[in-house]
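Below is one structure, written out as structure tokens; comments come after it.
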Amino acid sequence: MDNDPSQIPVEPIPFEHGVTHFAQGLARGQAKIVAIGSSTTAGRGDIAAYPGRLLSFLQNDYPKANIAMVNKGIGGQEAPIELQRFDTDVIAEKPDLVIWQVGTNAVWQSPDQHPPSFNETTGAIRDGLVRLHDETQADVIVMDLQYVPAVLTPAKKDKAIAMVEAVSELARDAGVNVFRRFAFMKGLYQVEQVSFDRMVDPTDEHRLHDSDWVTHRVAWAMKLAIVGGVDKARSSVAANIS
């Protein structure tokens, strides 16, 4: 397969809402993104995490704007703990766009790691989205689970699908966008027929973490979705003016 991610058949599901505040930041020439989440956001080993790659892609698309990326990922965390960091790690940064990666650790972690329950996680996501609405002017993107063997076992698959559905419902209720990573990666596996050996970090014995190749593809897909959201925001403004 061609290594150029712009020449691929699987693309992300477009955002439902325009990213209005981020588009306004681009128009001003200064825009800030805060990415919060667990290991997907923080990075793991030698694999560069998606936020830095996303920043590079966006900066290439909007060269006239100075885009800042603040990476607040901490490996192993889940929404209830991340919510406790919102004051210092998200709200205080005064972002134009927040990307919140959630859900995976509540599904995958073994009982001896004392993961938050399904309801604790979804409750924290709900509360976090309310806080972001009330205490920031930022656009919000919620990123759901990765489609990998660790969350597709017979013991975990139903819970993973339920979490994906819950994230979608919570985002819909809050009026924010979802980056549907689970669906995008499922498309890579089923449509492009990319093997899990290529999609999963080869050093990860748990078969949970994304490979360098998939991380690149996910970052590119996120860029496409954000650009589509910017275009949607600009079209809305133009329609209102006319």
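We did not get these values from a lab; they are worked out from the coordinates using the rules stated. In this text, all values refer to a predicted model and were calculated from it rather than measured experimentally. Every residue, glycine as well, gets a Cβ built from its backbone with ideal geometry; the counts of neighbours run over all protein chains shown.
In this structure, residue 11 and residue 133 have a Cβ-Cβ separation that, at R0 = 35 Å, corresponds to a calculated FRET efficiency of about 0.80. Sorting the segments 59-70, 44-55 by their residues' average number of neighbouring beta-carbon atoms within 10 angstrom, most packed first, yields 44-55, 59-70.
The relative contact order of the range 5-241, computed from alpha carbon pairs under 8 Å that lie at least 6 residues apart in sequence, is 28 percent.
Compared with the alpha-carbon gap, the fully stretched path from residue 206 to residue 87 is longer by 39.6 nm at 0.36 nm per residue. Between residue 46 and residue 30, the simple spin-label model (points 7 angstrom out along Cα→Cβ) gives 3.9 nm. Rg and Dmax over the alpha-carbon atoms of the chain stand at 17.1, 59 Å.
For the peptides 214-227, 150-163, the ranking by packing is 214-227, 150-163, with the highest mean count of neighbouring Cβ atoms within 10 Å listed first.
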